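The structure appears right after this line, and notes come after that.
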Amino acid sequence: MIYARNGEDALSKRIDIVSPGTGNKHWGTTYFGPRSSNKEAPGPQATMSELQANESVVPHFHGVSMFQLFIAGYGTIGNQGKELKPLTVQFKDHHTAYGPIVAGPQGLCFVALRMYTGNSEPVYLSEPGYRDRLKPSKRRNLTSPQVHFSIEPVMQHRAEVAWETLLQGDDGMHAQVVRLGAGMKVQGPEPKAAGGYYVFVGNGDIVHGGEVLPKWSMVVVENSEAGFEIQAGDKGLEALVLQYPRDEA
């Protein structure tokens, strides 16, 4: 199937949540599926978290591989304090620990994107017995260079489609930026080549099913689909195309 969610509509349903790891109160938005799950269900799972100023997310792992996009604010990740500037792409295999994530004084916003709904409950390294819940994994925890977006006239008047690779693996995992001028179209990756993919609107808007989807909207293309055409709206489009490993199909 192909799923789509308007970012403005999703954000209109933002709620207050409490971090299960720290007890801190911040904000959460659900795009697809439940916010957290402990069993498999049909369809993708995508959530946004908006952290308070200087809030920390303690080290943990999940049972489902995911891309994570740091899209607003500022922060750091890991014991070395690697900077998270918008927009940064991260890929983490299932059962791969990461953190801490520390928000800066202006807060930090990130989106977790999973191709399917599975065991996404966080397992904290501070919990006794966490090692018993680990399973074999490639243990990749990859972070991209910062993605820079165009000003609107440059994006709108782009004459050619441009693709840029951010992260890539030997199992079909591939994170790219695609840039299109106003009204331009391009074929997305072959869905059956790997585990399907997300198209996340980082700048401009995308047209899907007769609807114009604005910034921070997303489309999910499962690997059962024959193909997907990416179409820019009148402003042009700069989107993240996030392809999942073959074993995530």
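The values are calculated or read from the model by the stated rules, or taken from the named source; none is laboratory data. Since this is a predicted model, take the numbers as computed values, not measurements. So basically every Cβ, Gly included, is an ideal-geometry build from the backbone, and we count neighbours across all protein chains shown.
Restricting attention to the range 187-246, which residues are under 25 Å from VAL154 (Cβ atoms), in contact (Cβ under 8 Å) with a residue 60 or more places away in the chain and assigned to a loop (DSSP other than H, G, I, E, B)? Once the filter is applied, which keeps residues that are under 25 Å from VAL154 (Cβ atoms), in contact (Cβ under 8 Å) with a residue 60 or more places away in the chain and assigned to a loop (DSSP other than H, G, I, E, B), the range 187-246 yields PRO214, LYS215, TRP216, SER217.
Test GLY209 against the stated conditions and say whether it is closer than 21 Å to ALA46 by Cβ, under 20 Å from the mean Cα position of the chain (by Cα) and not assigned by TED's automatic domain parsing to the domain that holds ALA46. Even if it seems obvious, please write down each step before you answer.
On the way: closer than 21 Å to ALA46 by Cβ: yes; under 20 Å from the mean Cα position of the chain (by Cα): no; not assigned by TED's automatic domain parsing to the domain that holds ALA46: yes.
No; evaluated as a whole, the condition is false for this residue.
When the residues of the range 141-163 are filtered to those that are of a type in the set (S, T, N, Q) and assigned to a strand (DSSP E or B), the one that is surrounded by the fewest Cβ atoms within 10 Å (Cβ to Cβ) is ASN141. Only strands (runs of 3 or more DSSP E) wholly contained in the range 1-93 count here; list those with 1 or more residues that are closer than 25 Å to PRO136 by Cα and assigned by TED's automatic domain parsing to the domain that holds ALA112. It comes to 38-41, 45-51, 66-77, 88-92.
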